[in-house]
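Let me begin by presenting the structure, written as C-alpha coordinates, before commenting on it.
The values are calculated or read from the model by the stated rules, or taken from the named source; none is laboratory data. Model, not experiment: these values are computed from the prediction. Heads up, the Cβs are rebuilt from the backbone with ideal geometry, glycines too, and the neighbour counts pull from every protein chain shown.
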Amino acid sequence: MQARKKLLIATTNKGKVREIERLLERLPVEILHLDSDALPQMPEAPEDQDTFEGNAVQKAKHYGDLSGLATVAEDAGLTIPSLDGWPGVLSSRVAENDEDRVKLALSKLEGTAGDEREAAFVSVAAFYEPGTGITMTFPGFCQGYIADKPKGHNGFGYDPVFYHPGYGKTLAELTTEEKNEVSHRGQSFRLLVNFLKGYFSE
(Lines give C-alpha, C1' and ligand atoms only; values in the text may rest on other atoms or scores of the structure.)
Protein backbone atom coordinates (compact mmCIF):
# COMPACT_ATOMS: atom_id res chain seq x y z
CA MET A 1 0.00 0.00 0.00
CA GLN A 2 1.44 3.36 -1.03
CA ALA A 3 2.09 5.76 1.84
CA ARG A 4 0.05 8.93 1.81
CA LYS A 5 1.87 12.07 0.80
CA LYS A 6 2.64 14.53 3.55
CA LEU A 7 1.73 18.20 3.65
CA LEU A 8 3.18 20.58 6.20
CA ILE A 9 0.93 23.39 7.41
CA ALA A 10 3.44 25.96 8.60
CA THR A 11 1.74 27.43 11.66
CA THR A 12 1.57 26.89 15.41
CA ASN A 13 -1.58 29.02 15.79
CA LYS A 14 -4.15 26.54 17.12
CA GLY A 15 -7.05 28.55 15.71
CA LYS A 16 -5.54 28.53 12.24
CA VAL A 17 -4.67 24.82 12.52
CA ARG A 18 -8.27 23.98 13.39
CA GLU A 19 -9.71 26.02 10.50
CA ILE A 20 -7.15 24.81 7.95
CA GLU A 21 -7.47 21.13 8.88
CA ARG A 22 -11.24 21.41 8.43
CA LEU A 23 -10.75 22.92 4.98
CA LEU A 24 -8.24 20.26 3.91
CA GLU A 25 -9.82 17.23 5.58
CA ARG A 26 -10.98 15.57 2.34
CA LEU A 27 -7.58 15.56 0.70
CA PRO A 28 -5.79 12.16 0.53
CA VAL A 29 -2.83 13.47 2.47
CA GLU A 30 -1.25 13.28 5.91
CA ILE A 31 -1.32 16.77 7.40
CA LEU A 32 1.49 17.85 9.70
CA HIS A 33 1.96 21.19 11.45
CA LEU A 34 4.90 22.81 13.17
CA ASP A 35 4.02 21.33 16.57
CA SER A 36 3.75 17.77 15.20
CA ASP A 37 5.83 15.24 17.11
CA ALA A 38 7.06 13.78 13.81
CA LEU A 39 8.94 16.99 12.96
CA PRO A 40 12.15 18.36 14.48
CA GLN A 41 12.22 21.83 15.98
CA MET A 42 12.85 24.37 13.24
CA PRO A 43 13.92 28.00 13.61
CA GLU A 44 11.09 30.46 13.21
CA ALA A 45 10.62 31.89 9.73
CA PRO A 46 11.21 35.60 9.20
CA GLU A 47 8.19 37.73 8.31
CA ASP A 48 9.83 40.89 7.05
CA GLN A 49 8.05 41.38 3.72
CA ASP A 50 5.70 44.31 3.14
CA THR A 51 2.88 42.28 1.58
CA PHE A 52 0.79 39.31 2.74
CA GLU A 53 1.86 37.38 -0.36
CA GLY A 54 5.53 38.06 0.30
CA ASN A 55 5.31 36.84 3.88
CA ALA A 56 3.32 33.73 2.94
CA VAL A 57 5.85 32.70 0.28
CA GLN A 58 8.76 33.47 2.59
CA LYS A 59 7.34 31.22 5.32
CA ALA A 60 6.43 28.40 2.93
CA LYS A 61 9.94 28.30 1.44
CA HIS A 62 11.62 28.55 4.85
CA TYR A 63 9.80 25.58 6.37
CA GLY A 64 9.60 23.64 3.12
CA ASP A 65 13.36 23.74 2.60
CA LEU A 66 14.06 22.82 6.25
CA SER A 67 11.59 19.93 6.36
CA GLY A 68 11.85 18.71 2.78
CA LEU A 69 8.04 18.54 2.67
CA ALA A 70 5.46 20.15 0.45
CA THR A 71 4.45 23.10 2.58
CA VAL A 72 1.54 25.47 2.91
CA ALA A 73 1.95 28.77 4.73
CA GLU A 74 -0.45 31.62 5.07
CA ASP A 75 -0.23 35.27 5.94
CA ALA A 76 -3.35 37.17 6.80
CA GLY A 77 -4.44 40.31 8.49
CA LEU A 78 -6.88 43.12 8.89
CA THR A 79 -6.86 46.26 6.79
CA ILE A 80 -8.84 49.39 7.66
CA PRO A 81 -8.92 51.90 4.77
CA SER A 82 -9.70 54.91 6.99
CA LEU A 83 -6.49 54.13 8.91
CA ASP A 84 -4.42 53.91 5.71
CA GLY A 85 -4.63 50.12 5.71
CA TRP A 86 -3.52 49.69 9.33
CA PRO A 87 -2.67 47.20 10.81
CA GLY A 88 -2.01 45.30 7.56
CA VAL A 89 0.93 42.89 7.62
CA LEU A 90 1.57 43.92 11.22
CA SER A 91 -1.87 42.68 12.35
CA SER A 92 -0.52 40.06 14.74
CA ARG A 93 2.34 42.22 15.99
CA VAL A 94 0.73 45.53 17.00
CA ALA A 95 0.12 44.23 20.55
CA GLU A 96 1.03 41.27 22.75
CA ASN A 97 -2.28 39.37 22.59
CA ASP A 98 -5.64 39.23 20.81
CA GLU A 99 -7.46 41.19 23.51
CA ASP A 100 -4.99 44.06 23.35
CA ARG A 101 -5.00 44.05 19.54
CA VAL A 102 -8.80 44.37 19.54
CA LYS A 103 -8.69 47.17 22.12
CA LEU A 104 -6.11 49.04 20.05
CA ALA A 105 -8.22 48.79 16.89
CA LEU A 106 -11.31 50.03 18.73
CA SER A 107 -9.39 52.93 20.28
CA LYS A 108 -8.10 54.05 16.88
CA LEU A 109 -11.67 54.10 15.53
CA GLU A 110 -13.24 55.77 18.54
CA GLY A 111 -15.77 58.41 17.46
CA THR A 112 -16.09 57.07 13.90
CA ALA A 113 -19.12 55.60 12.18
CA GLY A 114 -20.36 54.18 8.88
CA ASP A 115 -17.85 53.96 6.05
CA GLU A 116 -15.01 55.04 8.33
CA ARG A 117 -15.32 51.65 10.04
CA GLU A 118 -15.11 49.66 6.81
CA ALA A 119 -12.53 46.88 7.01
CA ALA A 120 -11.34 43.82 5.17
CA PHE A 121 -9.60 40.63 6.13
CA VAL A 122 -6.99 39.55 3.59
CA SER A 123 -5.46 36.08 3.36
CA VAL A 124 -2.82 34.67 1.05
CA ALA A 125 -2.09 30.94 1.16
CA ALA A 126 1.21 29.90 -0.40
CA PHE A 127 2.16 26.40 -1.56
CA TYR A 128 5.79 25.42 -2.03
CA GLU A 129 7.28 22.08 -3.07
CA PRO A 130 11.03 21.99 -2.36
CA GLY A 131 11.77 19.14 -4.76
CA THR A 132 10.40 20.95 -7.78
CA GLY A 133 10.44 24.56 -6.67
CA ILE A 134 6.74 24.90 -7.53
CA THR A 135 5.37 27.98 -5.78
CA MET A 136 1.73 29.05 -5.97
CA THR A 137 -0.29 31.68 -4.12
CA PHE A 138 -4.04 31.89 -3.49
CA PRO A 139 -5.67 35.13 -2.24
CA GLY A 140 -8.89 35.58 -0.28
CA PHE A 141 -10.83 38.62 0.94
CA CYS A 142 -13.64 39.22 3.42
CA GLN A 143 -15.35 42.62 3.53
CA GLY A 144 -17.04 43.98 6.63
CA TYR A 145 -16.98 46.61 9.35
CA ILE A 146 -15.37 47.04 12.74
CA ALA A 147 -18.08 46.69 15.38
CA ASP A 148 -18.38 49.03 18.37
CA LYS A 149 -17.51 46.26 20.83
CA PRO A 150 -16.42 42.60 20.78
CA LYS A 151 -19.05 39.90 20.44
CA GLY A 152 -18.73 36.11 20.25
CA HIS A 153 -16.19 33.56 21.39
CA ASN A 154 -15.74 31.22 18.41
CA GLY A 155 -12.77 32.87 16.78
CA PHE A 156 -9.39 34.45 17.31
CA GLY A 157 -7.54 37.61 16.39
CA TYR A 158 -9.88 40.42 15.38
CA ASP A 159 -12.87 38.11 14.78
CA PRO A 160 -14.88 39.43 17.77
CA VAL A 161 -15.01 42.96 16.30
CA PHE A 162 -15.22 42.09 12.60
CA TYR A 163 -18.89 42.47 11.67
CA HIS A 164 -20.03 40.55 8.60
CA PRO A 165 -23.03 42.25 6.94
CA GLY A 166 -24.29 39.07 5.28
CA TYR A 167 -24.73 37.26 8.58
CA GLY A 168 -25.40 40.35 10.69
CA LYS A 169 -22.89 39.01 13.21
CA THR A 170 -19.21 39.19 14.01
CA LEU A 171 -17.02 36.36 12.73
CA ALA A 172 -16.58 35.21 16.34
CA GLU A 173 -20.35 34.65 16.57
CA LEU A 174 -20.34 32.24 13.61
CA THR A 175 -19.76 28.51 13.68
CA THR A 176 -16.52 27.29 12.13
CA GLU A 177 -18.49 26.06 9.11
CA GLU A 178 -20.25 29.41 8.66
CA LYS A 179 -17.00 31.31 9.02
CA ASN A 180 -15.24 29.13 6.47
CA GLU A 181 -17.99 29.89 3.96
CA VAL A 182 -17.32 33.63 3.98
CA SER A 183 -13.90 34.18 5.52
CA HIS A 184 -10.78 35.33 3.73
CA ARG A 185 -9.03 32.14 4.81
CA GLY A 186 -11.89 29.98 3.58
CA GLN A 187 -11.70 31.61 0.16
CA SER A 188 -7.94 31.33 -0.23
CA PHE A 189 -7.87 27.74 0.99
CA ARG A 190 -10.71 26.63 -1.29
CA LEU A 191 -8.57 27.83 -4.20
CA LEU A 192 -5.60 26.00 -2.67
CA VAL A 193 -7.60 22.78 -2.24
CA ASN A 194 -8.63 22.82 -5.91
CA PHE A 195 -4.96 23.05 -6.82
CA LEU A 196 -3.89 20.36 -4.33
CA LYS A 197 -6.48 17.89 -5.61
CA GLY A 198 -4.54 17.80 -8.86
CA TYR A 199 -1.15 17.84 -7.16
CA PHE A 200 -1.88 14.89 -4.87
CA SER A 201 -3.53 12.83 -7.60
CA GLU A 202 -0.47 12.94 -9.81
Practice prompt. Under 6 Å between Cβ atoms, at least 6 apart or on separate chains: pull out the pairs that start in segment 51-72 with a residue that is within 21 Å of Tyr199 (Cα to Cα) and end on any residue that is among the basic types (Lys, Arg).
Written response: Leu69/Lys6
Worksheet, complete the sentence: Asp37: passes all of (1) within 17 Å of the chain's Cα centre (by Cα); (2) free of Cβ contacts under 8 Å to residues at least 24 places away in the same chain but (1)
Item to complete: Select from segment 168-184 the residues that are touching a Pro at 6+ places or on another chain (Cβ under 6 Å) and under 17 Å from Val17 (Cα atoms) and list them in ascending order.
Response: Ala172
Item to complete: Please work out if Gly77 is closer than 24 Å to Gln187 by Cβ and in a helix (DSSP H, G or I).
Response: no
Worksheet item: In segment 40-61, is there at least one residue being assigned to a strand (DSSP E or B), more than 23 Å from Val122 (Cβ to Cβ) and touching a Leu at 6+ places or on another chain (Cβ under 6 Å)?
Response: no
Discussion item. Please pick out the residue among Gly144, Gly140 that is over 16 Å from the mean Cα position of the chain (by Cα) and either part of a strand (DSSP E or B) or within 30 Å of Gly198 (Cβ to Cβ) (or both).
Written reply: Gly144
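Confirm whether Lys14 is surrounded by fewer than 19 Cβ atoms within 10 Å (Cβ to Cβ), closer than 19 Å to Phe189 by Cβ and within 17 Å of the chain's Cα centre (by Cα). Don't jump to the end; show me each part of the working.
Numbers: surrounded by fewer than 19 Cβ atoms within 10 Å (Cβ to Cβ): yes; closer than 19 Å to Phe189 by Cβ: yes; within 17 Å of the chain's Cα centre (by Cα): yes.
Yes, satisfied.
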Discussion item. Tell me whether segment 92-101 contains one or more residues that are surrounded by fewer than 17 Cβ atoms within 10 Å (Cβ to Cβ), at pLDDT 90 or above and under 21 Å from Lys179 (Cα atoms).
Written reply: yes
Discussion item. Suppose we filter segment 152-165 for residues that are closer than 14 Å to Ala120 by Cα and of a type in the set (Gly, Ala, Ser); how many remain?
Written reply: 1
Discussion item. I'm told Thr71 meets every condition in (1) surrounded by fewer than 17 Cβ atoms within 10 Å (Cβ to Cβ); (2) touching a helix residue (DSSP H, G or I) at 6+ places or on another chain (Cβ under 9 Å); (3) among the polar types (S, T, N, Q) except one. Can you identify the failing condition by its number?
Written reply: (1)
Worksheet item: With Phe138, Phe162, Phe156, Phe121 as the choices, which residue is in contact (Cβ under 8 Å) with a residue 24 or more places away in the chain and in contact with a Cys (Cβ under 6 Å, 6 or more places away or on another chain)?
Response: Phe121
